[in-house]
Every structure is written in structure tokens, then in C-alpha cells.
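Laboratory data are not the source of any read-out in this text; all were calculated from the coordinates shown. It should be emphasised that the depicted structure is a prediction, and the values quoted were computed from it without experimental measurement. Methodologically, a virtual Cβ is constructed for each residue, glycine included, from the backbone with ideal geometry; neighbour enumeration extends over all protein chains shown.
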Amino acid sequence: MDWTYFFNEVVNNRDALLHGTAITFAVSLIAILAGTVLGIVIGIAVTYGNKPLRWPARLYIDIIRGTPVLVLVLATFYVSSAVGFNLTAFQAGALALTLFCASHVGEILRGALQSLSRGQIEAGRAIGLTFGGIFRYILFPQALRYALPTWITAAVEMVKASTLLSVIGVAELLLTTQQIISNNFLNMQFYLLAGVIYFLIDFAIEQVGRFIGRRLDQPTRRAV
Amino acid sequence: MTPIVEVRDLHKRFGELEVLKGIDFTVAEGEVVSIIGASGSGKTTLLRCLNLLEEFHRGDVLIGGEAIGYHLRRGQRVRIGEREVARQRAMTGMVFQAFNLFPHMSALDNVTLGLTKVRGMPRPQAIELADHWLDRVGMLERRDHRPSQLSGGQQQRVAIARAIAMSPKVMLFDEATSALDPERVGEVLETIRSLAQEGMTMVLVTHEMRFARDVSDKVVFMEDGRIAEQGPPQRLFLNPESPRLQAFLKTSSF
């Protein structure tokens, strides 16, 4: 293998690679953050909502989770322009991943909330908390501990799913890599490089998750 | 004087099944009332109606003279809003069979949560009050422990502190010792007894007949959704009038 040629090519294409990585990072971050917020709302609706709230939320989770992400990405891109929303490929892709992420987070949160004992809600009621307070101080902090490992997995899935945005022309890391390879034909080297970058992003997410996990497991005050 | 708890013609259904079939009883200030009866007689449901953990279908529950849970709008019973329900619930303190401490919080924070978030008390003041009650139930030394680091009896004593720190008008105990190991029952009963002696108004659902006899001012015997007999413990335990109560006391050990 000609390492010098490869390194020269990396240096020559560094701006494109950095840009591609930044796009992948940005679109994943948007999807994870916005998807988590939306997913929490959906998870609450499906677990504690009355019928008019619970059914749409349930339907949302089942339909979106049951749809291949690629279909979701293509549908968002083409349907949005057909109905008059002129989203850029980046916007459409971020939206599709957000919707996908929300369905997973909703289902993860539902599972975690349902594993909590009913006595927790009753104890919160008994001291005079309204549902908002019970959720914020009692249910959510506990559900977070259960849900965190699965949530990290879902976040990593979002980074991987972001590669599908290459089909609608978002110049994220995979599409950028393919474009570079079409010029220099260094297939193996550049796909490996992309793989390493994806690994580093996912590794970083897992480290953040571990950090949050450790923070959550600490007692509110030190045991004496 | 207005009774602390007044229950008038209380009815409660679970679907087709009527579990409370017209309950009337009162609890005066400083009074300790024990509710006894076989499983399924409706005693826990009655207790849960007193702090609106269960809805009821007919009749009234008054806490400190205030009708809870419902108000009348054009002659119709309407359930009151969530905020009002929450405020009314805080008039009573509930101790559960399964303790139901918040497992992600220290013993101290279990007690301060309601004080800061419901009563709006500043944290230093809430900690001071929580420490006072944790000390009172003998748990001050373990205030920084999580529930999982405490025995059942210790957890239940923290749960008592959590409820009583909110200064409720009446404390409700739902089989507070039923989930405990036999050797842990005594410490919790002792805590309840000492609170009773200080004049705390209490309603206890219990299977501890000896305790009910020794601590209560009044005993209520329930049978099939109704109060079959009520009165001072001496009379009920020594001279039960109804054959049902006679039979029940024969099968309960104490």
C-alpha cells in the first residue's frame, strides 16, 4: 500500500473530510436532541395520557419505528417539497432522523416508566404533588436511570442512520468519502478512515452516556 | 367542635362491584381510630378515599370541615381540579404498606421534597424541619442513606417522617407493618404509639389487634363494605356484640 499517496490525499481533502464529519455530527446532534425532547413528550403521552393522547402517540411510535429509516428519509425529502415545504436536503434529513429518534425515545421511556411501581405515583400524590411535580421529581429521574443504556444505543443508531442522508445528497461523511474515492480510487483506505471517524463519534457518545450515568448514580449527598 | 375527619354515607364501586356500601364515621381531634376487618372488607379502600387516592361515587368526606374531592355545580357532583385535589391531599399524611420511599433520594430528601416543592419552604428551613422529624423517628443518623441501604422498619420510619413533616391534620396508616419482618414490627409500632401519645390524630388500618386495642380511642370493625360495629376498644374486644366480630376476633391472634 502506498501510504504517502494516501496521506497526501487525506491532507488534500482535509477540508471536505472535516466538513463531512461536521455535517454528520450536526445532523446527528440535532436528531438526538430534538428527537429526545419530542420522544419524552410522546413517551409521557403513551404512558400516562388519556385516550385522545395515548392513541395518536401509540400509532406514531408503531408506524415510525416500523418504517425503514431510508424510506423515512426519502419520504420526508420528497413529500415535504410536494406539499409546499421547501426543505433543503439537510433540513429534510435532520427532520426524518428526529422523527425516527423520537419514536425510539418514546418507546424507551414508556418501558422505563412502566417498570416503576405505582406506589411511587401514590406516594407523590400523598404529599400533595401534582402530576407535573411527580413526573419531574420522582418518575423521570428514576426512569432516566433505567432508560440511559438503551438511550445511548439509540443515539449511536442515529449517527449510523445519518449515512442514509447521502441518498438525498446531504454531503455528510459517507457521501464526502465516496466523492473523494471517485477521484483517487483509494477505496479501502478512505472507507477505513470513515469507519474510524464514525467509531470515534460513537465512542464519544458512549463516554458522555457513561458520564451521565455515573452522575445519576451518585447519592444526592454523601453517605456518612 | 368540628371533627377532623367526617365520613357521611360513603359509597364506592369498582365497576359493578360495590366495595363501600354507605360508611359513616367521625374522627375527633387527637383521636386514634383503628379500622379492623377481614381482607376485602373495604378498610383499605375507605382509608384511600380519605386522601382521594380512590374516587368515591356517593356521600361526603370532610377533612377539617372541608368537603374533599367534589363540589356541586348545578346540583351535579363534579370532581375538582388537579391542583385542588393536590392541596386537599396534603391535608392528610399517608403511610403505605410498601413504604414507597423515593429510591433515588436520600432519607433526608424524601422528607424535604414535599416541604420545598409543595409547601414552598426554603431548603435550609426544610432541612431543619426534616431533621427534627427524622430525629423524632430515630432516623437522624441515617438521613443521608438511600432507601436501599435501610431495613424495612427504618424505611417505614422515614416514610412516617416524610408524611408527618407536612403537618397534616390527620395521619393515615395503611397496614403500615404488614410488609415488615416480624422483628421489625415493634420499632414501627413504637414510633406510631409515641406519635399517638403526643396527640396526633390518626386513622390506622391494621391487622395488629393487640396494638389496635392498646393504642386506639375507637375501633371500627368493617364487614363487607359496611361498618358492622364501632366503639371503644375495651367494649369491642371484650364484649363484641355482632356475631361477625365475635367470629373475626376468634380467628385473629393477639
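Within 10 Å of each Cβ in B:103-116, how many Cβ atoms from other chains are there, averaged over the peptide? Walk me through the numbers before you get to the answer.
Working: counts 7, 11, 7, 5, 1, 2, 4, 3, 1, 1, 7, 8, 1, 1.
Mean inter-chain Cβ contacts per residue within 10 Å come to 4.
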Note the direction-averaged projected area, equal to a quarter of the hull surface, for the Cα convex hull of segment A:75-195, in nm². 10.5
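How many partner chain Cβ atoms sit within 10 Å of a residue's Cβ in peptide A:41-49, on average, as a whole number? Walk me through the intermediate numbers first.
Details: counts 0, 0, 0, 0, 0, 0, 0, 0, 0.
So the per-residue partner count for this stretch is 0.
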Each residue of segment B:67-77 in turn: what ³J(HN,Hα) in whole Hz from Karplus with 6.51, -1.76, 1.60 and θ = phi - 60°, glycine and Pro shown as x? 5, 9, x, 9, 9, 9, 10, 6, x, 9, 6
Pairwise centroid distance, computed over Cα atoms, of segment A:78-97 with segment B:1-27, Å: 59
Scalar couplings 3J(HN,Hα) for segment B:232-239 by Karplus 6.51 cos²θ - 1.76 cosθ + 1.60 (θ = phi - 60°), nearest whole Hz, x for Gly and Pro, are x, x, 4, 5, 5, 7, 8, 10
Alpha carbon centroid spacing (whole Å) that separates segment A:21-71 from segment B:59-115: 34
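How big, in percent, is the set of alpha carbon pairs in segment A:13-217 lying more than 26 Å apart?
Numbers: 8916 of 20910 pairs.
The calculated P(r) of segment A:13-217 puts 43 percent of pairs beyond 26 Å.
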Taking amide H atoms as placed 1.01 Å from N in the peptide plane, list the residues 5 or more away in sequence, or in a different chain, whose amide H sits under 5 Å from that of B:Glu223. B:Ala228
Tell me, what does the Kirkwood hydrodynamic radius of segment B:187-249 come to in angstroms if you use every pair of distinct C-alpha atoms? 12.4
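Ignoring everything except DSSP H segments at least 4 long, calculate the 222 nm mean residue ellipticity for the protein assembly as shown; use -39,500 (n - 2.57) per segment, divide by total residues, nearest 500. Walk me through the intermediate numbers first.
Numbers: 19 runs with 270 residues, N = 478.
Using -39500 (n - 2.57) per qualifying helix, the result is -18500 deg cm²/dmol.
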Pairs beyond 27 Å (Cα-Cα), from B:Lys43/B:Lys250; B:Lys12/B:Lys250; B:Lys21/B:Lys218: B:Lys12/B:Lys250
How big is D for segment A:11-134, in µm² s⁻¹ as a whole number, if Stokes-Einstein is applied with the Kirkwood radius of its Cα pairs at 4 °C and 1.567 mPa s? 78
Once each part is reduced to its C-alpha centroid, what is the distance from segment B:179-232 to segment B:31-47 in angstrom? 10
Could you list B:His132, B:His11 so that the one with the fewest beta carbons within 10 Å of its beta carbon is first and the one with the most is last? B:His132, B:His11
For chain B, set up a Gaussian network in which alpha carbons nearer than 10 Å are linked by springs, and say which option among B:Met94, B:Met202, B:Met105 fluctuates the most. B:Met105
Relative contact order for segment A:13-217: what is it in percent, counting Cα pairs under 8 Å that are at least 6 residues apart? 30
Principal axis box of segment A:32-83, alpha-carbon based, largest edge first, Å: 34, 23, 20
Would you please give the residues with an amide H less than 5 Å from that of B:Met171, counting only those at least 5 places away or on a separate chain, with H modeled from the backbone geometry? B:Gly93, B:Thr201, B:Met202, B:Val203
